[in-house]
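The values are calculated or read from the model by the stated rules, or taken from the named source; none is laboratory data. Since we're looking at a predicted model, the values are computed, not measured. Every residue, glycine as well, gets a Cβ built from its backbone with ideal geometry; the counts of neighbours run over all protein chains shown.
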Amino acid sequence: MKLPSLLLAALLVTTATSFAQERPSIVVAAEGVDWLPFEEAVEKAMQEGKKIMIDVYAPWCGYCRRMHVETYADDQVQDYLAEHFITTRVNGDSSDDSYHLHGRTLTGVELGYHLGARGFPTTVFLNDEAQYLAPLPGFVAGADLMTVLRYIATDAYETQNFETFMANQD
């Protein structure tokens, strides 16, 4: 009776290990997006007058991985981000990483919380002066992210709420 239990346990461990190895790591960002280090992104946004999009993620987060495999891999999303945003990533689960913003040094956990991330993934938008605009919590599909990107990039948020913007998109 012990032998079948041990074989079953060994099979489960082997299967789980090989499944885990097939999944892309969220530590490796989606190709096709120019993910800059945080401080460099802030500096470049100020120089170019572009808004900042921050991917606040955790290495263990399945939906973060899905955002990179599906949403950020979308050609339309990549093109729009390249034209209108400076992009960066923050490991919101890290107490080891240090980020500098407005004269403060923060860990990834602190910066993520400061930016409104209460879970993973959270997409955060800052203006070209690195001032907070809005968080977008959770997984967002490419088409839905495109709508939000347009809302932020066109400054529509200054004159109308998102529902009005959406109604005017038809």
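Touching a helix residue (DSSP H, G or I) at 6+ places or on another chain (Cβ under 7 Å), surrounded by fewer than 22 Cβ atoms within 10 Å (Cβ to Cβ) and at pLDDT 95 or above: is that true of Asp96 in this structure?
no
As an exercise: evaluate Arg65 against (1) charged (D, E, K, R); (2) part of a helix (DSSP H, G or I); (3) touching a Phe, Trp or Tyr at 6+ places or on another chain (Cβ under 8 Å); (4) closer than 24 Å to Ser95 by Cβ and give the number of the one condition it does not meet.
Of everything listed in (1) charged (D, E, K, R); (2) part of a helix (DSSP H, G or I); (3) touching a Phe, Trp or Tyr at 6+ places or on another chain (Cβ under 8 Å); (4) closer than 24 Å to Ser95 by Cβ, Arg65 misses just condition (3).
Could you look through region 67-82, keep only residues that are surrounded by 14 or more Cβ atoms within 10 Å (Cβ to Cβ) and acidic (Asp, Glu), and pick out the one that is nearest to Ile152 (Cα to Cα)? Outline the logic, then answer.
Pass one, region 67-82, residues surrounded by 14 or more Cβ atoms within 10 Å (Cβ to Cβ): 67-68, 70-74, 77-78, 80-81.
Among the residues that remain, those that are also acidic (Asp, Glu) are: 70, 74.
Numbers: Glu70: 21, Asp74: 19 Å.
It comes out as Asp74.
Restricting attention to region 58-92, which residues are aliphatic (A, V, I, L, M), under 19 Å from His114 (Cβ atoms) and in contact (Cβ under 8 Å) with a residue 60 or more places away in the chain? Can you show your working first?
Filtering region 58-92 down to residues aliphatic (A, V, I, L, M) leaves 58, 67, 69, 73, 77, 81-82, 86, 90.
Checking which are under 19 Å from His114 (Cβ atoms) leaves us with 58, 86, 90.
Hit for region 58-92 is Ala58, nothing else.
Among the numbered criteria (1) free of Cβ contacts under 8 Å to residues at least 40 places away in the same chain; (2) of a type in the set (Gly, Ala, Ser); (3) out of contact with any Leu (no Cβ under 8 Å at 6 or more places or on another chain), which single criterion is violated by Ser98?
So Ser98 meets the others, but not (3).
Inside region 38-57, can you point out the residues that are surrounded by 14 or more Cβ atoms within 10 Å (Cβ to Cβ) and free of Cβ contacts under 8 Å to residues at least 24 places away in the same chain?
Within region 38-57, just Glu43 meets the criteria.
Anything in region 12-55 that is outside any loop (DSSP other than H, G, I, E, B), modelled with pLDDT under 95 and aliphatic (A, V, I, L, M)? List them, or say none.
Result: Leu12, Val13, Ala16, Ala20.
Conditions tested, residue by residue: (1) crowded, with 18+ Cβ neighbours inside 10 Å; (2) under 21 Å from Asn161 (Cα atoms).
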| site | (1), (2) |
| --- | --- |
| Pro59 | no, no |
| Arg65 | yes, no |
| His84 | no, yes |
| Leu106 | yes, no |
| Thr122 | yes, yes |
| Thr147 | no, yes |
